[in-house]
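Following: one structure in structure tokens, then a few remarks.
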Amino acid sequence: MGEPAGDEVWRQIHDDLLEQHRRRAAADPEQHPLIQPAIGATEQQLRDAENRLGFRLDPQYREFLSIANGWDRYDFYNDLLGTGDLGIGPRWDEAVESLHWFVDDIGPETARNLAIPDDYASSYLPIADRLCMLLRDTSQGPAGSIFSLFIDFGGIWPDLYSYLVAELGQIVYFTDQAVFGPHSETWGRDIRIDPPSFSDIITRIIDLSDAAYPGQPVQPNPGAARASLDALDADLAGALHPEHRELLSITDGLCTPEPMLGHVLSVDDIREGTHWHNALTRAQTIEDDYFGYLAEQAAREGDRPPPPKPPVRERILQLPIVPFSVYDGRVYGIDTRTGKVRALLDDAFIPGAFPAYAISFGNVREHLLTVCDHLRGLGITNRASNTERDA
């Protein structure tokens with residue numbers, strides 16, 4: 001079980017969380033009005049909850065409830081239960097239903113493989129919708145560990161304190177996004193007020209790639225000449241998007257190791273088509289392998305195989321897109337109707353949705369800004385891994 005942390009520790013977490021709520025409410029009071037946590041539970045309220053449950057609460061959970069006896073939308077979306085919810089009432093029923101759904105959905109065999117309990121009452125205590133505390137030791141964590149049903153398997157923290165500290169970090173991140181706007185962490189400012197130029201973005205991609213992919217330097221190319229861009233636009237019947245044109249005028253193509261960007265096609269690449277052709281061929285191979293696997297699996301299990309799909313090239317070429325970049329079997333195009341960069345192979349994998357469905361981060365500029373965010377995250381992860389290895 002979690003070791004007691006003391007009122008001072010919980011009060012600090014309480015205050016830190018509340019400060020983020022105040023910041024978010026100031027930035028967007030309609031969507032995120034300020035919601036205060038409930039006043040801390042009395043000893044009698046804690047004992048009443050324990051009597052209903054039939055066991056004594058984890059020491060850390062007890063301490064936290066004595067500071068905040070429940071908190072609606074504590075993470076801006078979900079409710080932490082208070083003593084009046086434990087073991088009784090609609091919030092408890094909803095939390096238990098989510099837990100039952102999770103355990104039933106993964107099944108006993110999967111639970112064993114994940115080393116998590118597959119029973120309800122003796123193993124988990126719901127403390128919020130889709131957030132539970134382990135009641136007994138498992139190979140995944142000791143009693144008092146926190147297990148989230150929201151994220152992929154392995155989302156477990158050794159105690160309530162560790163969970164709330166991690167959650168606070170996420171809440172700060174999303175609050176900063178709301179207050180300073182998207183991509184603010186990467187740029188250190190509100191880029192809605194002071195937007196970076198395309199040259200700034202390319203420079204940032206190059207710099208961030210050094211930390212994200214050590215030993216794989218990214219070098220920009222000279223920008224395409226105006227005459228070349230005009231000729232390309234003429235070839236495309238005027239479909240060259242202004243942001244795509246601006247990017248090519250700064251660097252005529254760009255080779256990166258990042259799958260979200262890959263090899264940004266140059267003017268000559270787009271006009272000549274070899275890289276695009278090779279990427280589509282590779283995409284077809286990937287899809288053939290994938291659906292072949294599904295067919296073999298269906299045959300083993302006596303199920304009907306997935307229906308045949310038109311070739312990738314046929315499906316992609318029917319779209320009104322201008323080729324943008326390629327990475328192995330990934331192909332990105334700019335939708336001429338919207339200006340958005342689309343992950344075309346991902347589109348092609350969605351049964352029945354192609355070609356209307358589009359996976360996109362936005363237009364060229366927004367796509368590159370999202371790549372910067374991703375590269376920044378990879379660089380931070382690499383630095384943390386190197387620190388652990390060197391320790």
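The values are calculated or read from the model by the stated rules, or taken from the named source; none is laboratory data. Owing to the predicted nature of the structure, the values given are computational and were not obtained by experimental measurement. Cβ placement follows ideal geometry from the backbone for every residue including glycine, while neighbour counts extend to all protein chains displayed. Remember, those area values only see protein heavy atoms, side chains included, never the ligands or the DNA or RNA. Shrake-Rupley method; radii C 1.70, N 1.55, O 1.52, S 1.80 Å.
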Residues that are in a loop (DSSP other than H, G, I, E, B) and of a type in the set (Phe, Trp, Tyr), drawn from the stretch 65-103: 74, 76, 77
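From the residues in the stretch 255-290 that are assigned to a strand (DSSP E or B) and in contact (Cβ under 8 Å) with a residue 60 or more places away in the chain, which one is surrounded by the most Cβ atoms within 10 Å (Cβ to Cβ)? Before the answer, list the steps.
From the stretch 255-290, those assigned to a strand (DSSP E or B) are 255, 263-264; that's our starting set.
Next, from what is left, pick out any that are in contact (Cβ under 8 Å) with a residue 60 or more places away in the chain: 263-264.
On the way: 263: 20, 264: 26.
Filtering first and then ranking leaves 264.
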Cross-chain or 6+ apart pairs with Cβ under 6 Å, the stretch 1-21 first and aromatic (Phe, Trp, Tyr), then open to solvent by less than 90 Å² (accessible area, probe 1.4 Å): 10/63; 10/64; 10/67
Qualifying residues in the stretch 133-152 (those that are over 15 Å from residue 163 (Cα atoms) and hydroxyl-bearing (Ser, Thr, Tyr)) - the one modelled with the lowest pLDDT: 139
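With 201, 250 as the choices, which residue is at pLDDT 95 or above, open to solvent by 40 Å² or more (accessible area, probe 1.4 Å) and touching a helix residue (DSSP H, G or I) at 6+ places or on another chain (Cβ under 6 Å)? Break it down into steps so the answer makes sense when it comes.
On the way: 201 fails: open to solvent by 40 Å² or more (accessible area, probe 1.4 Å).
From the options 201, 250, the qualifying one is 250.
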Conditions (1) within 22 Å of residue 147 (Cβ to Cβ); (2) in contact with a Gly (Cβ under 9 Å, 6 or more places away or on another chain): number failed by residue 57: (2)
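Any chance the stretch 173-194 includes a residue that's over 28 Å from residue 13 (Cα atoms), of a type in the set (A, V, I, L, M, F, W, C), open to solvent by less than 50 Å² (accessible area, probe 1.4 Å) and not in a helix (DSSP H, G or I)? Break it down into steps so the answer makes sense when it comes.
Within the stretch 173-194, the first condition is being over 28 Å from residue 13 (Cα atoms), and the residues that meet it are 191-194.
With the extra rule that they be of a type in the set (A, V, I, L, M, F, W, C), the set shrinks to 191, 193.
Those still in the list that are open to solvent by less than 50 Å² (accessible area, probe 1.4 Å) too: 191.
Still in the list and also not in a helix (DSSP H, G or I): 191.
Within the stretch 173-194, one or more residues are over 28 Å from residue 13 (Cα atoms), of a type in the set (A, V, I, L, M, F, W, C), open to solvent by less than 50 Å² (accessible area, probe 1.4 Å) and not in a helix (DSSP H, G or I).
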Checking residue 116 against (1) closer than 17 Å to residue 133 by Cα; (2) modelled with pLDDT under 90; (3) open to solvent by 20 Å² or more (accessible area, probe 1.4 Å), the condition it does not meet: (3)
Any strands (runs of 3 or more DSSP E) falling wholly within the stretch 291-391 and containing at least 1 residues that are at pLDDT 85 or above and either exposed (fewer than 12 other Cβ atoms within 10 Å of the Cβ) or out of contact with any Pro (no Cβ under 9 Å at 6 or more places or on another chain) (or both): 321-327, 340-343
Residues being closer than 17 Å to residue 126 by Cα, open to solvent by 70 Å² or more (accessible area, probe 1.4 Å) and in a loop (DSSP other than H, G, I, E, B) - total across the stretch 18-64: 1
